[in-house]
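Some notes on the structure that comes next.
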Amino acid sequence: MEFQKGMDLSFIPELEDAGVQVKDFDGTVMDPLDLVQKYGVNSVRLRIWNAPEHVRESGGYCSYAHTLAMAKRIRAHGMSFMLDFHYSDFWADPGKQKAPKAWSGCSISEKEAALYEYTKESLDEIIKAGVDVGMVQIGNETNNGICGETSWENKCKLFNAGSKAVREIDEDILVAV
C-alpha cells in the first residue's frame, strides 16, 4: 500500500453549490480534487451524517446522497476513499456526540442494532454504486462518547457493531476507530 496523504473534503459540495471557485496559486480555477491531487493528496475522507435534514444548520449536506456523489468523484480521480460515519445528524466531536434523532431514547442494545444496520446498509449501497471504499471510520472524535454513550463499555459495543458491519460487507476494508 502506498503512503496515504489525505484530507477531509466533505465541505466541497456545499461550497460548490454556493458558487465558490477553487483556484491554484496562480489564479487558475480548478476542480478541487485536481488541485489537491496536484499537491500530493491521494486519499480523501468524507463524513456521513444519518439524517442531516433534521438539523437546519447542516443544509442537508453530508447526507448519503451527497456523500455518494462525492465518493464517486474521488474514485474517478483514482484517489483512495475513507468513509467516516459520525452516527449523528450533524457534527460529532469531543464536545457533542448526540445520537441521531431516529435513535434518541433507544437503549444501548437498540442503538447497537441500529448502528450495525445503518453501517451495513449504507456501506453496501455505496459499494453497489461502484465506489471502492478503502477504509471506514467508526465514529468521529469519540474520546468523550459516541451516539450519546459515554461509558467505555457502551462505546465498545457501538464500535464493535460498526466494525462487525464493515467486516461482513468486505473484510479487506480497513476499520478506524
Highest average packing first - 27-33, 84-90, 164-170, Cβ atoms within 10 Å: 84-90, 164-170, 27-33
Residues in the stretch 44-83 reached by a label modelled at Ala113 [backbone nitrogen below 14 Å; 7 Å Cα→Cβ]: none
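At a 1.4 Å probe radius, carbon and sulfur cover how many percent of the accessible area of the stretch 58-112?
Using a 1.4 Å probe with all protein chains present, the stretch 58-112 comes out at 59 percent carbon and sulfur.
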For Glu168, net neighbour charge (Lys/Arg +1, Asp/Glu -1) across residues whose Cβ lies under 13 Å away: -3
Accessible area of the chain divided out per residue, in Å², using a probe of 1.4 angstrom: 51 Å²
Pairwise Cα inverse-distance average, inverted: Kirkwood Rh of the stretch 2-43 (Å): 11.1 Å
Backbone N under 19 Å from the Val175 label point (7 Å along Cα→Cβ), restricted to the stretch 100-115: 108-115
Given charges at beta-carbon only (K, R positive; D, E negative), |dipole| of the stretch 86-136 in Debye: 220 debye
Calculated diffusion of the stretch 1-125, Stokes-Einstein form, Kirkwood radius summed over Cα pairs, 37 °C and 0.692 mPa s, µm²/s: 206 µm²/s
Cα-projected label distance for Lys72 with Glu57, points at 7 Å along beta-carbon direction, nm: 3.1 nm
Euclidean distance of C-alpha centroids, the stretch 24-71 and the stretch 143-177, integer Å: 24 Å
Calculated [θ] (222 nm, deg cm²/dmol) that DSSP helices of n ≥ 4 give over the chain, each run adding -39,500 (n - 2.57): -11500 deg cm²/dmol
Charge dipole of the stretch 73-152 about the Cα centre (unit charges at C-beta), most positive-ward option of Ile108, Ser122, Ser80: Ser80
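Nothing charged except the Cβ atoms of Lys and Arg (+1) and of Asp and Glu (-1): what's the magnitude of the dipole of the stretch 56-177 about its Cα centre? Round to the nearest 20 debye. Each step should come with its number before you reach the end.
Values: 14 positive and 18 negative charges, 60 e Å.
With only Lys, Arg, Asp and Glu charged at Cβ, the dipole is about 280 debye.
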Cα-based helix-to-principal-axis angle, 108-128 vs the chain, degrees rounded to 10: 30 degrees
Viscosity 1.306 mPa s, 10 °C: Kirkwood-radius Stokes-Einstein D of the stretch 68-177 over Cα pairs, µm²/s: 112 µm²/s
Helix axis angle, 64-76 relative to the chain longest principal axis, alpha carbon, degrees: 40 degrees
Antiparallel bridge percentage (DSSP; both residues within the stretch 1-127; nearest 5): 25 percent
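The values are calculated or read from the model by the stated rules, or taken from the named source; none is laboratory data. In this text the structure is predicted, and so the values were computed from the model without any measurement. Ideal geometry is used to build each Cβ from the backbone, glycine not excepted, and the neighbour counts take in all protein chains shown. Please note that ligands, DNA and RNA were not included when accessible areas were found on the heavy atoms of the full protein model with its side chains. Shrake-Rupley method; radii C 1.70, N 1.55, O 1.52, S 1.80 Å.
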